[in-house]
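The values are calculated or read from the model by the stated rules, or taken from the named source; none is laboratory data. In this text, all values refer to a predicted model and were calculated from it rather than measured experimentally. All Cβ positions, glycine included, derive from the backbone under ideal geometry; neighbour counts span all protein chains shown.
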């Protein structure tokens, strides 16, 4: 199993960062070049994903289309939420999102992302050679999009009620 940790500092209030991290539309902004979309399979396809809800993502990775369904399995607004894969190509996947207000008025967003490739021996090799770096880049790209949206007035398009 691979465990990745990323910390991003954002010049925006904690509540705003928390909600942007749960936005289906903001998630899609960070993965546009993979053709990612939220597909209707009885789950959420837009807006903010809430506790107990799930979303199915469809995207092209390594030349093939994949579906991955994740569910929000824990939430304490505005400091923490967790999503976990309930169906997809990985053996397992869990993403924990932590938010902490800083004395400067900024927010620290910490991601702890754990996943295991599906095949025992080949999977470990793939994790080491390719997946660790690939998944870290996806996570960093997603966090950069959240940061850019939160630090501009663009967030109003995604959270008009805020």
Kindly indicate which of 109, 93 is farther than 24 Å from residue 43 by Cα and not in a loop (DSSP other than H, G, I, E, B).
-> 109
Just checking, how many residues over region 73-97 are in contact (Cβ under 8 Å) with a residue 24 or more places away in the chain, farther than 15 Å from residue 118 by Cα and crowded, with 17+ Cβ neighbours inside 10 Å?
-> 6
Could you list, in sequence order, the residues of region 112-122 that are at pLDDT below 95 and not in a helix (DSSP H, G or I)?
-> 115, 116, 117, 118, 119
How many residues, within region 1-51, are at pLDDT 95 or above, in a helix (DSSP H, G or I) and more than 13 Å from the chain's Cα centre (by Cα)?
-> 3
The one condition residue 70 fails out of (1) surrounded by fewer than 17 Cβ atoms within 10 Å (Cβ to Cβ); (2) over 21 Å from residue 159 (Cα atoms) is (1)
Going through region 52-72 in order, the residues found to be assigned to a loop (DSSP other than H, G, I, E, B) and free of Cβ contacts under 8 Å to residues at least 12 places away in the same chain are 62, 63
Please identify the pairs in which a residue from region 13-24 that is in contact (Cβ under 8 Å) with a residue 12 or more places away in the chain has its Cβ atom under 7 Å from the Cβ atom of a residue that is part of a loop (DSSP other than H, G, I, E, B) and crowded, with 21+ Cβ neighbours inside 10 Å, counting only partners at least 6 apart or on another chain.
-> 22/49; 24/49
Condition met for residue 156 (more than 15 Å from residue 28 (Cα to Cα) and loosely packed, with under 12 Cβ neighbours inside 10 Å) = yes
Identify, from the list 64, 116, the residue that is out of contact with any strand residue (DSSP E or B) (no Cβ under 8 Å at 6 or more places or on another chain) and under 26 Å from residue 41 (Cβ atoms).
-> 64
Residue identified as touching a helix residue (DSSP H, G or I) at 6+ places or on another chain (Cβ under 7 Å) and closer than 30 Å to residue 105 by Cα among 6, 50 = 6
Would region 117-140 turn up any residue that is loosely packed, with under 13 Cβ neighbours inside 10 Å and closer than 18 Å to residue 12 by Cβ?
-> no
